[in-house]
Amino acid sequence: MARAHTPPSLTSSPSPTSPPSPTSLPSPRSRRRGLALAACLLALAAAGTALATAPARAAEPPKGHDVSSRQKSVDWTKAQAAGASFVYVKATESTGYRNPYFGAQYEGAGAAGLLRGAYHFALPDQGSGTAQADHFVHNGGAWSPDGRTLPPALDIEYNPYDSGRTCYGLGRAEMVAWIRAFSDEVRRLTGRRPVIYTTTHWWNLCTGGSGAFAADHALWIARYGSADAGVLPAGWSAWTFWQYADSGSLPGDQNLFNGSATQLERLAAGQ
């Protein structure tokens, strides 16, 4: 996802319009757009379904997307007509940034009939997991049992500000502890465990392939240019969301839900 923002404390960081990604890493910002979309179309066709420009039918996996301040004002009615069933909106980053478009994006998506949720972009070297979770929940990341709000999500991945510190300077045990602290605080404040967005490569590298979260955290896997979501991080046997491309028919990144529309609604309701 890498929807990074440059906080005042990181004024020497690269422009968020083109965050760096290590050339040796399979970054989800690979920009292989045509290949990613074509591969995804082939995968769904093989399963007897297709990514359509019309709203998804009952037999098709629900389509969705995620947006940040980069998308600014979104035409949500148009997105819904193009087949969007759900969206995740970036709310916060670190402990001091809030997406200035979050309110309009989040409320606009809801008004158009989309299930919507909020995500936090983690910078584990810029504050504790507890502090970042608190900032997130109090700035858009709260969950409501209204049947329309997706669980909060943690975006934890490659460091967009320093390609030489992919794991943000944390050891593997420290990273696992950071994620656990974030998750525990989100659950304490909202009653829900966060969905975890990551890539298999980053997870294995920076957590040592920890299986400590698979039992009670839904997985949002990022994998571009592939016919499927590929090998998953340790512990997870299935993905809940798959981000398969960074552009397409919907604003922002393109996603699928691994289930039916009814199952997506149950996830939102906490069932």
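The table for this structure:
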read-out	value
Residue within region 192-199 that is of a type outside the set (Val, Ile, Thr) and over 15 Å from the mean Cα position of the chain (by Cα) present	yes
Given (1) in contact with a Ser or Thr (Cβ under 6 Å, 6 or more places away or on another chain); (2) surrounded by fewer than 22 Cβ atoms within 10 Å (Cβ to Cβ); (3) more than 18 Å from Pro151 (Cα to Cα); (4) not basic (Lys, Arg), index of the condition Asn258 fails	(3)
Test: residue in region 113-124 that is farther than 21 Å from Ser260 by Cβ and touching a Cys at 6+ places or on another chain (Cβ under 9 Å)	yes
Residue within region 171-178 that is part of a helix (DSSP H, G or I), among the hydrophobic types (A, V, I, L, M, F, W, C), open to solvent by 50 Å² or more (accessible area, probe 1.4 Å) and touching a residue at least 40 places away in the same chain (Cβ under 8 Å) present	yes
Residue among Ala118, Ala133 that is farther than 22 Å from Gly64 by Cβ and either within 17 Å of the chain's Cα centre (by Cα) or buried (at least 23 other Cβ atoms within 10 Å of the Cβ) (or both)	Ala133
Test result for Pro124, in contact with a His (Cβ under 8 Å, 6 or more places away or on another chain) and either farther than 20 Å from Met1 by Cα or buried (at least 18 other Cβ atoms within 10 Å of the Cβ) (or both)	no
Criterion: in contact with a strand residue (DSSP E or B) (Cβ under 9 Å, 6 or more places away or on another chain) and not in a loop (DSSP other than H, G, I, E, B) - qualifying residue of Glu185, Glu265	Glu265
Any chance Arg70 is modelled with pLDDT of 95 or more, surrounded by fewer than 17 Cβ atoms within 10 Å (Cβ to Cβ) and under 17 Å from the mean Cα position of the chain (by Cα)	yes
Residues (free of Cβ contacts under 8 Å to residues at least 40 places away in the same chain, over 27 Å from Gly169 (Cβ atoms) and either open to solvent by less than 30 Å² (accessible area, probe 1.4 Å) or assigned to a strand (DSSP E or B) (or both)) located in region 193-229	Ala229
Count of residues meeting criterion [more than 20 Å from Trp239 (Cα to Cα) and touching a Gly at 6+ places or on another chain (Cβ under 8 Å)] in region 68-93	8
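The values are calculated or read from the model by the stated rules, or taken from the named source; none is laboratory data. Because the structure is a prediction, the values reported are computed rather than measured. With ideal geometry, Cβ positions are generated from the backbone for all residues, glycine too; neighbour counts draw on all protein chains shown. Please note that ligands, DNA and RNA were not included when accessible areas were found on the heavy atoms of the full protein model with its side chains. Shrake-Rupley method; radii C 1.70, N 1.55, O 1.52, S 1.80 Å.
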